[in-house]
Amino acid sequence: MRKVLYVFSLLFFLSACHLKGDETFVNPVFYGKMVSLSDLWDVKITPTTLDKDNRHGTTWHEDCEMWENESKKVVLRCTHQQNKEQPENSKTEEHRTHVIEISSSKYINPDLGTFIVIHSYYEDETDWTARRGYLISAPDTGADISR
């Protein structure tokens, strides 16, 4: 009986390690800094986080769970903790889904980098999405796309 319990424990441990190891993007381009084309927020993602920076000292952090991981598309379901000073009847957490896709644009020179579109929507508002364009600098060109 102890051997069986040991084997199950070992299998559980190995499967947990395997799941943790899978938390990498299929396409490493998604690890790059996504520079906003509209001067709103620059974005940096990992399989478990989404961070925004408005280049003026304000940042935004969301903890995420990766729902899809493909070569041209990543889907993150993220949670943001609201300000604890809000009224008691308001939500303390927001759940937002971000669909991050590599796209093409006839207006952007591909030598400058990879064009990314992020569609974002709140869990209870799936009929409305925010759509923003970003550029990730191509690592081999060294092009400076920051403002």
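Checking every residue in segment 97-105 against the condition of being outside any strand (DSSP E or B), surrounded by 12 or more Cβ atoms within 10 Å (Cβ to Cβ), out of contact with any His (no Cβ under 6 Å at 6 or more places or on another chain) and modelled with pLDDT under 95 gives at least one match. Restricting segment 53-80 to residues that are in contact with an Asp or Glu (Cβ under 6 Å, 6 or more places away or on another chain) and within 16 Å of residue 123 (Cα to Cα), the residue that is modelled with the lowest pLDDT is 80. From the list 11, 37, 50, 19, the one residue that fits, being of a type in the set (A, V, I, L, M) and either touching a Pro at 6+ places or on another chain (Cβ under 8 Å) or modelled with pLDDT of 90 or more (or both), is 50.
For segment 29-47, a tally of residues being under 18 Å from residue 70 (Cα atoms) and of a type in the set (Phe, Trp, Tyr) returns 2. Filter segment 26-64 down to the residues that are assigned to a helix (DSSP H, G or I) and of a type outside the set (Val, Ile, Thr) and list them by number. Hits for segment 26-64 are 28, 30, 31. When segment 29-75 is filtered for residues that are open to solvent by less than 30 Å² (accessible area, probe 1.4 Å), out of contact with any Phe, Trp or Tyr (no Cβ under 7 Å at 6 or more places or on another chain) and not small (Gly, Ala, Ser), the ones remaining, listed by number, are 30, 42, 49, 50, 62, 64. Flag set for residue 132, criterion: in a strand (DSSP E or B), open to solvent by 50 Å² or more (accessible area, probe 1.4 Å) and at pLDDT 70 or above.
The values are calculated or read from the model by the stated rules, or taken from the named source; none is laboratory data. Computed from a predicted model, the values in this text were never measured in an experiment. Ideal geometry is used to build each Cβ from the backbone, glycine not excepted, and the neighbour counts take in all protein chains shown. With ligands, DNA and RNA removed, areas are computed over all heavy atoms of the protein, side chains included. Shrake-Rupley method; radii C 1.70, N 1.55, O 1.52, S 1.80 Å.
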